1. Sort out which residues of region 78-97 are assigned to a helix (DSSP H, G or I) and either in contact with a strand residue (DSSP E or B) (Cβ under 7 Å, 6 or more places away or on another chain) or loosely packed, with under 12 Cβ neighbours inside 10 Å (or both), and write them in order of number.
2. For region 86-96, check the following and say yes or no: at least one residue is in contact with a helix residue (DSSP H, G or I) (Cβ under 6 Å, 6 or more places away or on another chain) and more than 22 Å from residue 20 (Cα to Cα).
3. Filter region 12-37 down to the residues that are without any contact (Cβ under 8 Å) to a residue 60 or more places away in the chain and in a helix (DSSP H, G or I) and list them by number.
4. Looking only at region 38-56, decide whether some residue is under 18 Å from residue 107 (Cα atoms) and in contact (Cβ under 8 Å) with a residue 40 or more places away in the chain.
5. Is it the case that residue 101 is in contact (Cβ under 8 Å) with a residue 40 or more places away in the chain, surrounded by 13 or more Cβ atoms within 10 Å (Cβ to Cβ) and in contact with a helix residue (DSSP H, G or I) (Cβ under 9 Å, 6 or more places away or on another chain)?
């Protein structure tokens, strides 16, 4: 396997302002991406499938397969960004992804709970048949 040439920001010296700025921007992108992993990716996948497929039943069936695949693919991208950040920081161990993934899951669950409680138009009156 070929050796990788070290990047300019991985050194024993203090990082340059440009390297610190790049590392900060990448960390912000990881934080935003971690929140998007639980909120935006599933919603965007469901919307996209709904635009492609004509029937509601088919859309939900395809979405049951597409949403986990999209979340796994985006999680891989976040993992790659986290590894890049670790290389830029010149250290191993934990990066920003490990620090933010659990709080973003909690925020996503809170957002889902608020949406279900206050904004979803689903309150059955008791007369509807929930399962046909």
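1. Filtering region 78-97 for residues assigned to a helix (DSSP H, G or I) gives 78-89, 96-97.
Answer for region 78-97, where residues must be assigned to a helix (DSSP H, G or I) and either in contact with a strand residue (DSSP E or B) (Cβ under 7 Å, 6 or more places away or on another chain) or loosely packed, with under 12 Cβ neighbours inside 10 Å (or both): just 80.
2. Among the residues of region 86-96, not one is in contact with a helix residue (DSSP H, G or I) (Cβ under 6 Å, 6 or more places away or on another chain) and more than 22 Å from residue 20 (Cα to Cα), which makes the answer no.
3. Passing the criteria: 17, 18, 20, 21, 24, 25, 28, 29, 32, 33, 36.
4. Yes: one or more hits.
5. Details: in contact (Cβ under 8 Å) with a residue 40 or more places away in the chain: yes; surrounded by 13 or more Cβ atoms within 10 Å (Cβ to Cβ): yes; in contact with a helix residue (DSSP H, G or I) (Cβ under 9 Å, 6 or more places away or on another chain): yes.
Criteria met by residue 101.
Bear in mind that the values in this text are calculations on the coordinates, not laboratory data. All of these numbers come straight from a predicted model, not from anything done at the bench. We place every Cβ from the backbone using ideal geometry, glycine too, and count neighbours over all the protein chains shown.
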